[in-house]
Amino acid sequence: MRLDEVEESSNVEDRRGSIPKGGAIAGGGIGLLVIVIIVSLLGGDPQQVIDASRTMQAGAPQSKTSAAPINDEAKMFVSKILKETEDVWTDIFRENGMTYQKPNLVVFADRVESGCGIADAGVGPFYCPADSKVYIDPTFYETMERQLGAGGDFAQAYVVAHEVGHHVQNLLGTAAKVDSARRRMSEKQFNQISVRMELQADFYAGVWAKRAKRLKLDRQDIEEAMNAATQIGDDTLQQRGQGYVEPEKFTHGTSAQRVRWFMKGYQSGDIRDGDTISARSL
């Protein structure tokens, strides 16, 4: 993957010098599964972490910046990836008679205040529909590589593209429809629809990869994304963390499903082929 032809986005907020006070943990991104593994390995109940991640509430006020924003390679990387998602999705929306509204990406360290509540870095990258922002602590990439064996620059780009995929769902109205339906669902049904939403975000990440011509992707890049999707599949994470698999607790999809939908998006490049919500087979 090459980033030399990609400019940085102007929609990045660096909050690593800010410290939020109090509030509830927000969640819903890829990184939630990482903390579930850690809790499992320590003998805790991973379901408690999942439940906590769903209690997204309005957080307490955030303190003023205590230090100047940090400009480094991690911020530049996510900024360039965000810029490439902006350009690709602007084109896709225009082709379909719509206008793409760019999300902001917030770089934080340890904890952050979002429109969905206070989030701990352990939750990992996430998208908050309440403020239309993607949140990421760059140290998550170290966790991906060292603990999950999902290294590589395009594996990191895939994480951002997946969360932007949730933003696309928000703009298209999919998130609102699913959220309304969730209120009438049992926990099992909730998990099933969550899987479908996550797989669609993987599909959108694949569509983006197909259209991101300036990155000059090669086979190794796509293999990095497929490996990342494999390592964060529910079945793989559960087997690694607790030694057995509980399909009824899946919230993001199996490794095979995540790879399949990412690759379907990459091979198609057409958002109309990604209706995971009503698909009979995932």
(Q) Out of Val207, Val195, I need the residue that is in contact with a Ser or Thr (Cβ under 8 Å, 6 or more places away or on another chain), within 30 Å of Arg2 (Cα to Cα) and touching a residue at least 24 places away in the same chain (Cβ under 8 Å). Which one? (A) Val207
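Results for (1) touching a Pro at 6+ places or on another chain (Cβ under 8 Å); (2) aliphatic (A, V, I, L, M); (3) modelled with pLDDT under 95; (4) more than 18 Å from Phe126 (Cα to Cα), shown as yes or no for each residue.
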| site | (1), (2), (3), (4) |
| --- | --- |
| Asn170 | yes, no, no, no |
| Lys177 | no, no, yes, yes |
| Ser180 | no, no, yes, yes |
| Leu215 | no, yes, no, yes |
| Thr254 | no, no, no, yes |
| Val259 | no, yes, no, yes |
| Tyr266 | no, no, no, yes |
Q) Any idea which of (1) modelled with pLDDT of 95 or more; (2) in contact with a Cys (Cβ under 6 Å, 6 or more places away or on another chain); (3) of a type outside the set (Val, Ile, Thr) is the one Cys116 doesn't satisfy? A) (1)
(Q) Cβ-Cβ under 7 Å, sequence separation 6+ or interchain: first residue in the stretch 231-243 and without any contact (Cβ under 8 Å) to a residue 60 or more places away in the chain and within 17 Å of Asp202 (Cα to Cα), partner hydroxyl-bearing (Ser, Thr, Tyr) and in a helix (DSSP H, G or I). Which pairs? (A) Gly233/Ser255; Asp235/Ser255; Thr236/Thr230; Thr236/Ser255
Q: Spot the failing condition for Val164; the list is (1) within 17 Å of Ser79 (Cβ to Cβ); (2) aliphatic (A, V, I, L, M); (3) in a helix (DSSP H, G or I); (4) modelled with pLDDT under 95, and only one is missed.
A: (4)
(Q) If a residue must be assigned to a loop (DSSP other than H, G, I, E, B) and either surrounded by fewer than 24 Cβ atoms within 10 Å (Cβ to Cβ) or among the hydrophobic types (A, V, I, L, M, F, W, C) (or both), how many such residues does the stretch 119-142 contain? (A) 6
Q. Within the stretch 255-279, restricting attention to residues that are β-branched (Val, Ile, Thr) and touching a Ser or Thr at 6+ places or on another chain (Cβ under 8 Å), which residue is nearest to Thr90 (Cα to Cα)?
A. Ile277
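The values are calculated or read from the model by the stated rules, or taken from the named source; none is laboratory data. Model, not experiment: these values are computed from the prediction. Every residue, glycine among them, receives a Cβ derived from its backbone with ideal geometry; neighbour counts consider all protein chains shown.
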